[in-house]
Amino acid sequence: MQMTSDNENWEPKIIAFCCNWCSYSGADLAGTNRLSYPANVKIIRVPCSCRINPMFILRAFQRGADGVILCGCHPGDCHYMTGNYHTRRRMTLLFSMLDFLGIEKERTRVEWVSAAEGQRFVDVMNDFVGQITELGPSRRLEDLRCRTN
Amino acid sequence: MQKIGVFVCHCGTNIAATVDVEAVAEAARHVPGVVYATDYTYMCSQSGQDLIKDAVKKYGLTGVVVCSCSPRMHEKTFRKAVNSIGMNPYMLEIANIREQCSWVHKDKEVGTEKAISLMKAAVAKVELDAPLTAGETPVVKRALVIGGGIAGMQTALDIADAGYDVDIVEKNPTIGGKMAQLDKTFPTLDCSSCIVTPKMVDVGQNDKIHIYSYSEVTDVKGFVGNFKVTIKRKARYVDETKCTGCGLCTEKCPMKKAPNEFNLGLNNRTAIYIPFAQAVPKVATIDPNYCLMLNKGVCGLCSKVCDAHAINYKDTDKEIEVEYGAIVAATGYEIMDVSKYDEYAYAQSPDVVTSLEYERLMNAAGPTGGELLRPSDHKRPKTIVFVQCVGSRECDSTRGGKPYCSKICCMYTAKHAMLTKDHYPDTDIYVFYIDVRTPGKNFDEFYRRAVEQYGVHYIKGAVGKVTPENGKLIVQASDLLMNEQLTINADMVVLAAAIEPSHSARHLATLLTASMDTNDWFTEAHPKLRPVESPTAGVFLSGVCQGPKDIPETVAQAGAAASKVIGLLSKDKLAGNPCVAHSDEMMCTGCSQCADVCPYGAITYVDKEFRMPDRTTKVRRVAEVNPAVCQGCGACTVTCPSGAMDLNGFSNSEIMAEVDALCR
Ligand SMILES: Cc1cc2nc3c(=O)[nH]c(=O)nc-3n(C[C@H](O)[C@H](O)[C@H](O)COP(=O)(O)OP(=O)(O)OC[C@H]3O[C@@H](n4cnc5c(N)ncnc54)[C@H](O)[C@@H]3O)c2cc1C
Ligand code: SF4
Ligand code: SF4
């Protein structure tokens, strides 16, 4: 089956890496407050945004993800003091490499969401899902052998 | 291959309403590796936990997935449960199908599909989980309290009472905090000094308590049970061990123009000073900004008169490093700067004062000896206007306004009004308020006394403008209930200025890696259930640094913080976090990049002997992580160019497996 953005049934697959201390709690807070965001956002918990290896992001694209978003504590508020500064620098590099590989840079994003920002988490996710939906499926890095449907 | 059990919780209807829990369990039964799956109303209940334990035994499970609420809620509960029957707690993972699924998605089909996907990711992770054991670290049996106000003092006294050593670091020359500056205290109107100075003496004389006054914390390393704290002892130019506090130097000092901070600059003090008569420690301090000897090299009078030979003009800041098992923040508050509120003419007229300044003007030990005289001409004010909520409950922050209620102002304004009337019954007093908030034992009665017995004019409304004119303050205001404009010819205006966190609190929070809210109050680990702990293990909160409070609440919280500290210090050893980094020495090239990014200095390098394929041996430098120091952030794992570093509990392969499962 050929999937394109014209296909009505197409829903983007989105992986959200969230740091345990701020963003994962922010996502929990969104739930506690019964706010809603699209179900295709799936969260992977990591201790700190600096734990996110660029390999994980490439792997997600290879496995058919259409967008990958990284969330961490606001600069200056990292639970591990400097973790998110590393993230910021690494991801700037990775994003330019993705650009080089032909992945639209809008497919990846770094956002800072604190444990108190349930609403912000939701706003960020709604915005990101909207953006990826507009871009359509990501095919460039996808390994078709991994496709399950 | 693991033998995995999957347990899907209904959470009453919290999950079951939007996720078909039976379908999730059924889907689990078809996932390779899963040998047992079931659903249950409340997994976290005793019977739910028993159900898991029984299944582990019956099916010989080696790994468990619980599909339930956030791991932040019950990961510990479930891990403890499986551990009680001998399974390694780190062989259990949670799929968060409540906060991140059933509560955010309304459609049952969508919710169920996502829950299945989250369950599969958790199974994929458990498949790769390895048993982890936490190392143990000894607990240093000494606590540090930062801030010596009533909060810090009470916490220190309670900890000392339990038999542990406590140090107080106070930035000012004396402990006591704001309470030492107050006149009388609501709701009982007992004299503040009479209750706080005996406490200060108790602290000063307790053998278990050591006070580092005129000192600051400049660095914090380590972790719960084992903090290493650098304390800067600011140069006082007086040897604390020799000074007897006789005060002769302060009488002789010719430089008398330094603003007296204890009286909020309402009068002056000498360059060498003791903040107030009951200061603890009662030791003189030289103010380097004003001392003639330090600035011009001439004078030296204090040194000549000091019989104890305590003066040392060559004193310098000194840093010491001390180890602690627990740290308590008790840094209190400050009064917000209201000079940006032009309408109240605070900057223009000395007769417009803040409530804390008013407190000093009424105090027997204050600049006027307790006689209420207005600052400009030292005459007794006949008409006084109090303005409530200055800078509090304000959504617009351009002038430094605060969104929160400062909580204490309604009560202390009623107190000020009554105390003034007590001394000078002919004074006319107006209080402008938005709301009067007096929840608290005997609080509303107290306020009503001000209105009913003392005849204080309470007016609901806002003060629009204060204009200094011919020695008077023309107050233009609106009365919202009568719907009329008022003009009052006042002699003094008192502003109930908002309180804000100590200006050093943010820097301190960074050193402690403790969190703060958007207003810079320290955040508690849980707003209801863990109100005196910060989210950082081993760091506790006492008093107003966590949010506005009056004295009774501050003291209650201070005691609660102490009991948490005592609980921690009573343990000899703490189980560490086993989710730490480790490097594969066969892959490590010893490049040092990991140590550069580690914020805790957990990585060192050792020379190790390796046997080569040709049977020779070779010595190579490799990275070694100290598991007691590593906090498990994972920065090093991504930095390592050789792929040698990995993190327990969040390994590369585990995260990749989760990615794969979620993308399927
Ligand atoms: C005008 C006014 C009137 C009041 N009247 C009453 C009343 O009648 N009844 C009542 O119950 N409450 C009253 N209060 C409230 C009362 O003052 C507080 O509840 C109480 O003082 C809080 O104590 P604390 O120890 O938390 O803070 P603080 O008293 O502010 O003490 C904090 C201490 O920490 C020190 N510190 C700060 N930062 C650092 C740092 N980085 N390193 C080292 N030390 C540091 C400070 O120097 C200070 O000594 C009043 C408040 C005001 C403003
Ligand atoms: S995970 Fe690595 S960088 Fe982070 S604390 Fe441990 S050793 Fe240091
Ligand atoms: S970064 Fe990797 S290779 Fe370099 S020293 Fe650290 S563990 Fe070894």
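Mind listing just one residue for me: the one in the range B:561-594 that is closer than 29 Å to B:Ile150 by Cα and basic (Lys, Arg) and, of those, nearest to the chain's Cα centre (by Cα)?
Here is the first cut: in the range B:561-594, the ones closer than 29 Å to B:Ile150 by Cα are B:561-571.
From what is left, the residues that are basic (Lys, Arg) are B:564, B:571.
Working: B:Lys564: 14, B:Lys571: 23 Å.
Selected residue: B:Lys564.
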Checking A:Val41 against (1) more than 7 Å from chain B (Cβ to nearest Cβ); (2) farther than 23 Å from A:Arg147 by Cβ; (3) open to solvent by less than 10 Å² (accessible area, probe 1.4 Å), the condition it does not meet: (2)
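Per-residue answers, yes or no, for (1) of a type in the set (Asp, Glu); (2) over 15 Å from B:Val21 (Cα atoms); (3) touching a residue at least 24 places away in the same chain (Cβ under 8 Å):
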position	(1), (2), (3)
B:Thr77	no, yes, yes
B:Ser84	no, yes, yes
B:Ser102	no, no, yes
B:Val110	no, no, no
Filtered residues of the range B:388-427 (kept if within 14 Å of B:Leu356 (Cα to Cα) and of a type in the set (Lys, Arg)): B:Lys415
Total residues in the range B:262-303, condition part of a helix (DSSP H, G or I), out of contact with any Leu (no Cβ under 9 Å at 6 or more places or on another chain), in contact (Cβ under 8 Å) with a residue 24 or more places away in the chain and open to solvent by 40 Å² or more (accessible area, probe 1.4 Å): 1
Options B:Lys415, B:Lys379; residue that is crowded, with 20+ Cβ neighbours inside 10 Å and closer than 28 Å to B:Pro275 by Cα: B:Lys415
Considering only residues of the range A:19-38 that are facing chain B (nearest Cβ under 7 Å) and of a type in the set (Ser, Thr, Tyr), which is nearest to A:Asn84 (Cα to Cα)? A:Ser25
Hey, could you check the range B:84-112 for residues that are in contact with a strand residue (DSSP E or B) (Cβ under 8 Å, 6 or more places away or on another chain) and among the aliphatic types (A, V, I, L, M) and say which is farthest from the other protein chains (Cβ to nearest Cβ)? B:Met87
Residues satisfying the stated conditions in the range B:51-76, i.e. open to solvent by less than 40 Å² (accessible area, probe 1.4 Å) and under 20 Å from B:Leu118 (Cβ atoms): B:Ile52, B:Leu61, B:Gly63, B:Val64, B:Val65, B:Val66, B:Cys67, B:Ser68, B:Cys69, B:Ser70, B:Pro71, B:Glu75
Mind counting the residues in the range B:503-536 that are surrounded by fewer than 16 Cβ atoms within 10 Å (Cβ to Cβ) and among the aliphatic types (A, V, I, L, M)? 1
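Determine, yes or no, whether A:Tyr80 is within 30 Å of B:Gly601 (Cβ to Cβ), open to solvent by 50 Å² or more (accessible area, probe 1.4 Å), within 14 Å of chain B (Cβ to nearest Cβ) and not in a strand (DSSP E or B). Even if it seems obvious, please write down each step before you answer.
On the way: within 30 Å of B:Gly601 (Cβ to Cβ): yes; open to solvent by 50 Å² or more (accessible area, probe 1.4 Å): no; within 14 Å of chain B (Cβ to nearest Cβ): yes; not in a strand (DSSP E or B): yes.
So A:Tyr80 does not fit the description; no.
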Among B:Ala115, B:Ala81, the single one that is open to solvent by less than 50 Å² (accessible area, probe 1.4 Å) and within 14 Å of another protein chain (Cβ to nearest Cβ) is B:Ala115
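Results for (1) within 16 Å of ligand 2 (Cβ to nearest atom); (2) assigned to a loop (DSSP other than H, G, I, E, B); (3) crowded, with 16+ Cβ neighbours inside 10 Å; (4) of a type in the set (Lys, Arg), shown as yes or no for each residue.
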{"position": "B:Gln388", "(1), (2), (3), (4)": "no, no, yes, no"}
{"position": "B:Lys407", "(1), (2), (3), (4)": "no, yes, yes, yes"}
{"position": "B:Lys421", "(1), (2), (3), (4)": "no, no, yes, yes"}
{"position": "B:Phe432", "(1), (2), (3), (4)": "no, no, yes, no"}
B:Glu170 being at pLDDT 95 or above, open to solvent by 10 Å² or more (accessible area, probe 1.4 Å) and either farther than 26 Å from B:Val580 by Cα or away from ligand 1 (no atom under 11 Å from the Cβ) (or both): yes
If we keep just the residues of the range B:625-652 that are more than 9 Å from chain A (Cβ to nearest Cβ) and more than 9 Å from ligand 3 (Cβ to nearest atom), which is most open to solvent (accessible area, probe 1.4 Å)? B:Pro627
Can you tell me which residue is nearest to ligand 3 (Cβ to nearest atom) among those in the range B:556-578 that are buried (at least 20 other Cβ atoms within 10 Å of the Cβ), modelled with pLDDT of 95 or more and hydrophobic (A, V, I, L, M, F, W, C)? B:Leu568
Which numbered condition in (1) open to solvent by 70 Å² or more (accessible area, probe 1.4 Å); (2) away from every other protein chain (no Cβ under 11 Å) is the only one that A:Trp112 fails? (1)
Considering (1) more than 16 Å from ligand 1 (Cβ to nearest atom); (2) more than 14 Å from chain A (Cβ to nearest Cβ), say which one B:Ile655 fails and leave the rest. (2)
Give me the residue from the range A:59-76 that is more than 7 Å from chain B (Cβ to nearest Cβ) and open to solvent by 40 Å² or more (accessible area, probe 1.4 Å) and, out of that set, farthest from the chain's Cα centre (by Cα). A:Pro75
Going residue by residue through the range B:581-595, is there one that turns out to be in a helix (DSSP H, G or I), within 16 Å of ligand 3 (Cβ to nearest atom) and either touching a strand residue (DSSP E or B) at 6+ places or on another chain (Cβ under 8 Å) or in contact (Cβ under 8 Å) with a residue 60 or more places away in the chain (or both)? yes
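The values are calculated or read from the model by the stated rules, or taken from the named source; none is laboratory data. Quick caveat, the model's predicted, so the values are computed rather than measured. Here the Cβ is made from the backbone with ideal geometry for all residues, glycine too, and neighbour counts use every protein chain on show. Ligands, DNA and RNA are excluded from the accessible area calculation, which covers all protein heavy atoms including side chains. Shrake-Rupley method; radii C 1.70, N 1.55, O 1.52, S 1.80 Å.
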